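So the structure is just underneath, and the comments pick up after that.
The values are calculated or read from the model by the stated rules, or taken from the named source; none is laboratory data. Keep in mind the model is a prediction, meaning the values are calculated, not measured. Methodologically, a virtual Cβ is constructed for each residue, glycine included, from the backbone with ideal geometry; neighbour enumeration extends over all protein chains shown.
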There are 2 protein chains.
Amino acid sequence: MSTQSEENYLKVIYQLASKDVGYINTSDLASKLDLKPSSVTDMIQKLDQKRLVQYKKYQGVKLSAKGEKLALGIIRKHRLWEVFLHETLGFTWDKVHDIAEQLEHINSTELIERLDLFLNHPKTDPHGDPIPDKVGRLNQLNRIRLSQLRGGEKGVLSGANDSSSEFLRYLKKRDLTLGTIIKITHFNEFDQSYDLEIGTENKTLTISNQVASNLFISESKP
Amino acid sequence: MSTQSEENYLKVIYQLASKDVGYINTSDLASKLDLKPSSVTDMIQKLDQKRLVQYKKYQGVKLSAKGEKLALGIIRKHRLWEVFLHETLGFTWDKVHDIAEQLEHINSTELIERLDLFLNHPKTDPHGDPIPDKVGRLNQLNRIRLSQLRGGEKGVLSGANDSSSEFLRYLKKRDLTLGTIIKITHFNEFDQSYDLEIGTENKTLTISNQVASNLFISESKP
DNA sequence: CACATTTTTTAGACTTATCTAAATAATATT
DNA sequence: AATATTATTTAGATAAGTCTAAAAAATGTG
């Protein structure tokens with residue numbers, strides 16, 4: 001079995017790895033985990049010994065097959081609990097993440113399978129992220145970052161990459177909820193910002209590239 | 001805030017205290033927590049410093065008002081999660097305890113209030129134990145131990161004091177489920193055992209004093 | 001390419017919660 | 001009451017996970 005701390009490392013390594021590929025470096029890991037780099041070095045050496053990651057001195061870490069499986073298991077639990085908190089208990093979008101951070105470490109296969117059944121095998125969490133299945137298979141959704149689009153293109157908001165409450169409240173305030181139809185009316189070269197038209201009422205707004213790179217968009221008819 | 005370990009100490013001290021009164025001694029606490037007495041001494045000194053218990057050297061501990069409030073909060077969480085596991089997810093009586101041991105340490109007042117609402121403010125857990133309310137008030141049920149009765153008396157099985165799966169499976173196998181009507185046909189002086197008649201089909205069985213002292217009985221018309 | 005800067009690792013320290021072994025206090029027995 | 005037994009506490013050790021400070025390696029710059 002793994003400790004809570006080990007599980008957090010694996011989860012974060014997985015998340016950082018899904019952006020670009022290759023080895024994750026110590027300082028990125030440290031800042032995401034809110035720890036000092038020296039602590040991270042210690043732990044990844046331990047995880048390497050347990051064959052959960054591959055670690056190369058001064059280069060970084062990546063997950064082993066075993067480590068990835070574990071990480072996906074934790075992500076599965078996290079996202080199923082998020083669905084439960086949102087759908088069953090009525091928590092808002094922006095509050096589920098922090099509580100799920102605790103619940104994801106509860107250890108019981110039967111609990112998770114029963115929860116999955118009770119929730120009717122949901123495919124995505126309240127932020128639009130896909131939920132890995134029992135054996136760790138992840139249905140890669142057909143979606144791209146808003147920042148990969150340019151003027152004139154159009155799509156449906158299908159997820160956010162940053163699940164901090166602050167960011168989610170920012171979105172909510174601007175009616176950027178899951179399922180919203182978004183049309184990019186203009187890309188402003190000078191500051192890399194985007195002018196959008198959202199929903200059906202011709203509402204417009206401008207978002208920074210920062211924000212755009214954290215939003216996922218899928219085809220208009222998904 | 002308290003650690004998971006501290007919470008377990010407080011919970012167990014509360015449970016032992018509700019049997020007889022006064023100070024709880026180190027070795028009882030140690031055996032219930034499955035730790036060595038020396039570890040217990042260390043921890044209760046720490047809890048005393050935090051003003052969660054009162055500790056007198058060589059005499060034992062009891063909860064302070066603050067400690068009792070915390071303990072009741074943990075018991076509330078434990079029992080609400082048990083109801084959820086049983087009623088919502090369909091776990092059997094004997095499996096809910098171990099998972100609730102983990103869930104009881106999840107920290108979120110809003111989560112517990114929403115769970116309580118979702119479950120429709122249950123009054124007892126699946127073992128018949130009362131659930132403390134938000135402010136730690138516990139509705140003391142009108143029930144006594146089976147071992148306090150003698151031949152001829154009658155009542156309804158309303159709870160078990162030992163929630164180990166082993167004990168609960170023992171009960172299930174003999175149809176001793178919550179709500180069963182029990183009549184004590186005879187008390188056997190020589191080995192302190194009880195002859196019972198249970199349910200409506202004149203089924204009979206004999207249980208040891210051990211078992212009898214772990215069963216709660218309430219009036220026939222509760 | 002040599003030096004400066006940044007990143008990473010190592011070494012040593014600290015905290016929490018536990019343990020074992022020894023010392024001390026309380027209780028039981030003769 | 002003196003001694004034996006049992007319970008409790010103290011002292012010192014250990015493991016996990018973190019930290020700070022110093023050393024070493026990698027990277028960037030003139």
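Data overview
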{"read-out": "Condition broken by A:Lys95, with the remaining ones in (1) closer than 25 Å to B:Lys77 by Cβ; (2) more than 10 Å from every other protein chain (Cβ to nearest Cβ) satisfied", "value": "(2)"}
{"read-out": "Conditions (1) charged (D, E, K, R); (2) closer than 30 Å to B:Ala100 by Cβ; (3) touching a Lys or Arg at 6+ places or on another chain (Cβ under 9 Å); number of the one not met by A:Glu153", "value": "(2)"}
{"read-out": "Hits in segment A:102-111 - residues which are surrounded by fewer than 19 Cβ atoms within 10 Å (Cβ to Cβ), assigned to a helix (DSSP H, G or I) and facing chain B (nearest Cβ under 10 Å)", "value": "A:Gln102, A:Glu110"}
{"read-out": "Cross-chain or 6+ apart pairs with Cβ under 7 Å, segment B:12-31 first and more than 14 Å from every other protein chain (Cβ to nearest Cβ), then away from DNA strand D (no atom under 14 Å from the Cβ) and at pLDDT below 95", "value": "B:Ile24/B:Ala17"}
{"read-out": "Qualifying residue in segment A:66-74 (condition: within 24 Å of B:Val96 (Cβ to Cβ), more than 16 Å from DNA strand C (Cβ to nearest atom) and under 16 Å from the mean Cα position of the chain (by Cα))", "value": "yes"}
{"read-out": "Filter result for A:Ser164 (modelled with pLDDT under 85 and among the hydroxyl-bearing types (Ser, Thr, Tyr))", "value": "yes"}
{"read-out": "Listing of helices (runs of 4 or more DSSP H) fully contained in segment B:1-92 that carry 1 or more residues being modelled with pLDDT of 95 or more, under 30 Å from A:Arg114 (Cα atoms) and within 13 Å of DNA strand D (Cβ to nearest atom)", "value": "B:4-19, B:26-33"}
{"read-out": "Filter pass, B:Gly128 being away from chain A (no Cβ under 13 Å), in contact (Cβ under 8 Å) with a residue 60 or more places away in the chain and in contact with a strand residue (DSSP E or B) (Cβ under 6 Å, 6 or more places away or on another chain)", "value": "yes"}
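For (1) within 9 Å of DNA strand C (Cβ to nearest atom); (2) within 14 Å of chain B (Cβ to nearest Cβ); (3) in contact (Cβ under 8 Å) with a residue 12 or more places away in the chain; (4) hydrophobic (A, V, I, L, M, F, W, C), each residue gets a yes or a no:
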| residue | (1), (2), (3), (4) |
| --- | --- |
| A:Leu47 | no, no, yes, yes |
| A:Val53 | no, no, yes, yes |
| A:Gln59 | yes, no, yes, no |
| A:Leu63 | no, no, yes, yes |
| A:Glu82 | no, yes, yes, no |
| A:Leu85 | no, yes, yes, yes |
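Quick grid of which residues meet (1) of a type in the set (A, V, I, L, M, F, W, C); (2) within 20 Å of the chain's Cα centre (by Cα):
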| position | (1), (2) |
| --- | --- |
| B:Asn25 | no, yes |
| B:Leu29 | yes, yes |
| B:Gln54 | no, no |
| B:Arg76 | no, yes |
| B:Phe91 | yes, yes |
| B:Asp98 | no, yes |
| B:Ile112 | yes, yes |
| B:Leu115 | yes, no |
| B:Phe118 | yes, no |
